[in-house]
Amino acid sequence: MKSLRSVTWLIPCFAVVAAPTLPPCVAGAVGRIDFAARPDQVVVRVDEQDLATYVYRDSQIPRPYFKDLHAPGGIQVTRNHPPREGVDPTDHAEYHPGLWLAFGDLGGADFWRNQAVVRHVEFIKPPVSDERKGHFTVRNAYMHRDVRVGEEVCQYTFLVRPAGILILWDSLFLSADMSFSFGDQEEMGLGLRMATAIAVKSGQGGRILDSEGRRNEKETWGKTAAWCDYSGWVDKTFVGVLIMPHPDNVRPCWWHTRDYGFMTANPFGRAAFRAGPTSKMTVSKTEPFHLSYGILIHASESEQDVDLAAAYRDYLEVLRQVRTETREGGQR
């Protein structure tokens with residue numbers, strides 16, 4: 001298990017990182033990231049167009065999430081939230097709001113199926129933007145029957161990259177009064193519900209593709225891979241979301257993928273994915289737990305224009321620069 005001392009993913013600030021050559025996104029160069037406050041929400045914008053909405057309080061869904069993610073150029077890539085009757089499948093409406101981190105078994109409580117509550121406590125660092133980057137940091141309390149199971153400190157960083165918009169999702173889990181464990185289920189980790197038109201099942205050209213070249217649910221479900229992408233055609237534009245687990249996560253992620261438009265990157269479900277004995281990862285006061293991902297939202301004129309391997313290398317370069325700046329800044 002990686003301790004707070006040994007890993008420095010949670011960062012207080014971020015400089016613009018020089019990028020290797022990548023094919024530009026379909027919208028061309030995009031620029032300034034900024035934020036707009038709404039009641040219980042933060043809207044993330046790029047050049048005054050909505051990128052995503054972070055919902056930190058919701059009477060229907062008792063955990064934070066992002067909804068209405070948009071690719072460069074403005075095309076929405078996640079399912080409408082709430083789903084639109086007659087337009088979208090309405091399954092899992094309160095479980096699959098867009099992009100979220102949740103756990104079917106954390107400390108014996110089910111935070112995936114909303115049987116327990118992830119309560120927003122505070123903005124440790126409020127939303128701050130500076131040209132081609134922006135970030136904010138929150139503190140969440142994991143509550144079950146009015147008892148605090150544990151705590152999460154999460155920083156979200158938004159970066160304009162050559163291949164699209166990159167979100168760095170950096171979570172640090174801490175115990176409260178007692179230790180707690182992450183259990184072993186399929187429904188654990190970073191989840192994503194794609195726009196209806198992008199789903200493989202829609203028959204409109206959507207596809208799932210992982211770093212090993214495997215495609216769609218039949219080939220990718222339950223496999224480990226460095227990254228997995230869910231993309232398809234909307235309004236004659238090839239758009240999608242690439243999820244890249246941090247290479248220093250506790251173990252590689254298994255991919256819980258579905259042709260109906262769902263994908264989760266799960267490092268916990270070893271037995272659930274028939275890969276070994278039941279997994280149990282414990283968080284104590286002396287041993288916090290890190291979990292981090294990169295999420296790239298991209299758009300292009302054709303599937304051939306999307307170089308996902310190059311985008312992953314760019315993500316690794318961003319992480320390398322983060323480590324260098326953190327080390328030089330004396331952050332531990």
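The values are calculated or read from the model by the stated rules, or taken from the named source; none is laboratory data. These numbers come from a predicted model, not from an experiment. Note: ideal-geometry Cβ built from the backbone for every residue, glycine included; neighbour counts use all protein chains shown.
Of all residues in the range 151-171 being touching a Cys at 6+ places or on another chain (Cβ under 8 Å) and buried (at least 22 other Cβ atoms within 10 Å of the Cβ), which is farthest from G108 (Cα to Cα)?
Among those that are touching a Cys at 6+ places or on another chain (Cβ under 8 Å) and buried (at least 22 other Cβ atoms within 10 Å of the Cβ), it is A163.
Can you find a residue that is in contact with a strand residue (DSSP E or B) (Cβ under 8 Å, 6 or more places away or on another chain), of a type outside the set (A, V, I, L, M) and at pLDDT 95 or above anywhere in the range 320-328?
no
Rundown of residues vs (1) touching a Pro at 6+ places or on another chain (Cβ under 6 Å); (2) modelled with pLDDT of 95 or more; (3) not aromatic (F, W, Y), yes/no style:
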{"site": "F180", "(1), (2), (3)": "no, yes, no"}
{"site": "E187", "(1), (2), (3)": "no, yes, yes"}
{"site": "L192", "(1), (2), (3)": "no, yes, yes"}
{"site": "A199", "(1), (2), (3)": "no, yes, yes"}
{"site": "K236", "(1), (2), (3)": "no, yes, yes"}
{"site": "V241", "(1), (2), (3)": "no, yes, yes"}
{"site": "N249", "(1), (2), (3)": "yes, yes, yes"}
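Looking only at the range 298-332, filter to residues that are aliphatic (A, V, I, L, M) and closer than 18 Å to G205 by Cβ; which one of those is surrounded by the most Cβ atoms within 10 Å (Cβ to Cβ)?
Only one residue fits best here, namely V306.
Go through (1) in contact (Cβ under 8 Å) with a residue 40 or more places away in the chain; (2) out of contact with any Ser or Thr (no Cβ under 7 Å at 6 or more places or on another chain); (3) more than 22 Å from P97 (Cβ to Cβ) one by one and return the number of the condition S175 breaks.
Looking at each condition in turn, S175 falls short on (2).
Among the residues of the range 220-235, write down those that are under 15 Å from M194 (Cβ atoms), free of Cβ contacts under 8 Å to residues at least 40 places away in the same chain and within 17 Å of the chain's Cα centre (by Cα).
C228, Y230
Just give me the residues in the range 71-96 being under 14 Å from the mean Cα position of the chain (by Cα) and either in a strand (DSSP E or B) or more than 22 Å from S300 (Cα to Cα) (or both), in sequence order.
T78, H96
Any residue at all in the range 199-207 that is outside any strand (DSSP E or B), buried (at least 19 other Cβ atoms within 10 Å of the Cβ) and not hydrophobic (A, V, I, L, M, F, W, C)?
yes
Pick from the range 269-287 the residues that are at pLDDT 95 or above, surrounded by fewer than 15 Cβ atoms within 10 Å (Cβ to Cβ) and β-branched (V, I, T): which of them is farthest from M178 (Cα to Cα)?
Filtering first and then ranking leaves T278.
Are any residues in the range 254-272 out of contact with any Cys (no Cβ under 8 Å at 6 or more places or on another chain) and either farther than 27 Å from K201 by Cβ or part of a loop (DSSP other than H, G, I, E, B) (or both), and if so, which ones?
D259, Y260, G261, F268, G269, R270, A271, A272
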